[in-house]
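The values are calculated or read from the model by the stated rules, or taken from the named source; none is laboratory data. Everything numeric here is computed off the predicted structure, so don't read it as measured data. Positions of Cβ are generated from backbone atoms using ideal geometry, with glycine treated the same way; all protein chains shown enter the neighbour counts.
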Amino acid sequence: MARPTRRVADAGLGTLRKLPVEIIDCIFHELSDDLVSVICFCLAHKFLLAVGQTTIDACHRERTFAGTRIICIGSGDATDDLPEDLLTDEEFKEVTSVILDPDNNEPVKNGLYALSSCTQRYRKLERQEDVPNSFLYRLPEHERISLEALMKPNYSSPHPWALFNLSKHEYVRADAVAELGGYSASDPLRDCHAEVGLGSVLLGRVCWSSDSSISMPYDGNLHRGVWAGDRFKISPLIFKPGEEEQWKDVSEEVVAELIAIWKAEYDDEWEDRIQGRHHWHECGFYCCHYC
């Protein structure tokens, strides 16, 4: 993106108009731990918004799990039964060490599930809803609308989207999953109410437990996720020259898995359920897909 020039600035910038763009960049960098502060500074002037957009985009990238290892670990995990190469030697030593329950100071069972639970190692991702309403409604309406818009990541792209498994060099096309769910794939994260999406794909492949019980009719190995502990990103499906041959499209395989799961759960109604179609019962009650 081209750097903004002073011609963008006009009356109202005050003393800041005397500062080089590089210094204003430094100010944004100092604020970058707090997305709301970055956006508020941007809203002070259109020139600041032009300079700060890069910082806003960087903040949104930091507020994701992209590129990190992801696993949905069950309480029935065992330290000698984890995905291959999931942990480093140092991490394995930590997982197998004695852990004290913070509630009663009693030793608890070793394992990745116990470690994450007892040490509360969960990283919270801030969302738009985390901005206090008391702050939002002190703003003029046009600034509140602008702030709420900037708090949402921009997922627009002229290219199709995909979920990439960075560890195994596999990917799932968003359009393949969207076709199954009966919605548009132009923005895979826009319709959070879709029954299936790239998130469904991810969750169905990162679960891991030594206990095969999943409380579902599906008889596949959901508890032995083939992607458990791998690294991921969701991004436009763009390859550099010669790079595409290094990646495998597993969309058909994944869609077949999703269909099998939904068929096992809902039998003949699976298509209506997966596409969120509702029905009126003869008794006159409206039955939604959560019934």
Quiz item: Wholly within the stretch 1-117, which helices (runs of 4 or more DSSP H) include no fewer than the required count, namely at least 3 residues that are touching a Gly at 6+ places or on another chain (Cβ under 7 Å) and at pLDDT 85 or above?
Solution: 35-43
Self-check item: Elements of type strands (runs of 3 or more DSSP E) in the stretch 129-238, at least 2 residues being at pLDDT 90 or above and surrounded by fewer than 18 Cβ atoms within 10 Å (Cβ to Cβ)
Solution: 230-236
Self-check item: Flag if residue 162 is of a type in the set (A, V, I, L, M) and closer than 24 Å to residue 275 by Cα
Solution: yes
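Conditions (1) over 27 Å from residue 82 (Cβ atoms); (2) of a type in the set (S, T, N, Q); (3) free of Cβ contacts under 8 Å to residues at least 12 places away in the same chain, marked per residue:
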{"position": "212", "(1), (2), (3)": "no, yes, yes"}
{"position": "223", "(1), (2), (3)": "no, no, no"}
{"position": "226", "(1), (2), (3)": "no, no, no"}
{"position": "229", "(1), (2), (3)": "no, no, no"}
{"position": "233", "(1), (2), (3)": "no, no, no"}
{"position": "239", "(1), (2), (3)": "yes, no, yes"}
{"position": "249", "(1), (2), (3)": "yes, no, no"}
{"position": "257", "(1), (2), (3)": "no, no, no"}
{"position": "261", "(1), (2), (3)": "no, no, no"}
Quiz item: Residues of the stretch 67-88 being within 23 Å of the chain's Cα centre (by Cα) and surrounded by 15 or more Cβ atoms within 10 Å (Cβ to Cβ), which ones?
Solution: 69, 70, 71, 72, 73, 74, 83, 86, 87
Quiz item: Hey, among the residues in the stretch 239-263 that are at pLDDT 90 or above, hydrophobic (A, V, I, L, M, F, W, C) and not in a helix (DSSP H, G or I), which one's surrounded by the fewest Cβ atoms within 10 Å (Cβ to Cβ)?
Solution: 247
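The rows are residues; the columns are (1) small (Gly, Ala, Ser); (2) surrounded by 15 or more Cβ atoms within 10 Å (Cβ to Cβ).
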| site | (1), (2) |
| --- | --- |
| 20 | no, no |
| 29 | no, no |
| 33 | no, no |
| 44 | yes, yes |
| 51 | no, yes |
| 56 | no, yes |
| 59 | no, yes |
Quiz item: Taking only pairs six or more apart or across chains, which ones have beta-carbon atoms under 6 Å, a first residue in the stretch 155-169 that is touching a residue at least 40 places away in the same chain (Cβ under 8 Å) and under 22 Å from residue 230 (Cβ atoms), and a second residue that is in a loop (DSSP other than H, G, I, E, B) and not charged (D, E, K, R)?
Solution: 160/237; 161/188; 162/237; 165/227; 169/247
